[in-house]
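Trainee: What follows is a structure written as structure tokens; I'll ask about it next.
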Amino acid sequence: MGPGQPTMSNLEVPNLEDSGSNWVTYKERVVQTLTHQGLERHLYGTAPKPEELREVDGKWFNKEEPTKPLTRKEIKEHDTKIDIFVQQEATVREVIYQTVSQYTFLRIYKEETSAELWIKLISLF
């Protein structure tokens, strides 16, 4: 990033008022902040989650080639994809968690994915 370009630390998302009086501003700022970070697909539920692997007799397989065991390198690459996906989901959740009250947090935090959390938040306001 060049000088003067925004980073996550200097992009500001306003706190969401419990009354929802600033919902329009809040929603747009969350969407733009996450878009800037390349995370908007997590917000909308369109980020592809890496597929689950299947273990048989100590060997790992994927759905694409169910009879060909994965190499250690392929397993490590898969694990890295999962780690990135989980970290990105957590980042989206944190942007929201840090900008809502405890009251609102307690109403949304149990949602399984960040997209479901966002949908729940939208339904409240």
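The values are calculated or read from the model by the stated rules, or taken from the named source; none is laboratory data. These numbers come from a predicted model, not from an experiment. For neighbour counting, all protein chains shown are included, and Cβ atoms are generated from backbone atoms with ideal geometry for every residue, glycine included. Accessible surface is based on the protein model in full, side chains and every heavy atom, while ligands, DNA and RNA are left aside. Shrake-Rupley method; radii C 1.70, N 1.55, O 1.52, S 1.80 Å.
Trainee: Mind checking which residues of region 101-122 are loosely packed, with under 13 Cβ neighbours inside 10 Å and either of a type in the set (A, V, I, L, M) or under 15 Å from L43 (Cβ atoms) (or both)?
Mentor: Correct list: L106, E112, I122.
Trainee: Can you give me the number of residues within region 26-44 that are open to solvent by less than 50 Å² (accessible area, probe 1.4 Å) and touching a Ser or Thr at 6+ places or on another chain (Cβ under 9 Å)?
Mentor: Residues flagged as open to solvent by less than 50 Å² (accessible area, probe 1.4 Å) and touching a Ser or Thr at 6+ places or on another chain (Cβ under 9 Å) within region 26-44 amount to 6.
Trainee: Could you give every pair whose Cβ atoms fall below 8 Å, whose first residue belongs to region 50-67 and is farther than 27 Å from Q87 by Cβ, and whose second residue is open to solvent by less than 100 Å² (accessible area, probe 1.4 Å) and not in a strand (DSSP E or B), counting only separations of at least 6 or pairs across chains?
Mentor: Within 8 Å, the pairs are K59/P69; K59/L70.
Trainee: I want to confirm something. Restricting to region 1-25 and keeping residues that are polar (S, T, N, Q), open to solvent by 60 Å² or more (accessible area, probe 1.4 Å) and assigned to a loop (DSSP other than H, G, I, E, B), which single residue is modelled with the lowest pLDDT?
Mentor: Within region 1-25, the match that is modelled with the lowest pLDDT is Q5.
Trainee: If you go through region 56-77 one residue at a time, how many are surrounded by 15 or more Cβ atoms within 10 Å (Cβ to Cβ) and either basic (K, R) or touching a Pro at 6+ places or on another chain (Cβ under 8 Å) (or both)?
Mentor: Within region 56-77, residues that are surrounded by 15 or more Cβ atoms within 10 Å (Cβ to Cβ) and either basic (K, R) or touching a Pro at 6+ places or on another chain (Cβ under 8 Å) (or both) number 2.
Trainee: Next up: Would you check which residues across region 44-64 are of a type in the set (D, E) and assigned to a strand (DSSP E or B) and list them?
Mentor: First pass over region 44-64, keeping only residues of a type in the set (D, E): 51-52, 55, 57, 64.
Within region 44-64, just E55 meets the criteria.
Trainee: Among the helices (runs of 4 or more DSSP H) confined wholly to region 70-125, which include 1 or more residues that are of a type in the set (D, E)?
Mentor: 72-97, 114-124
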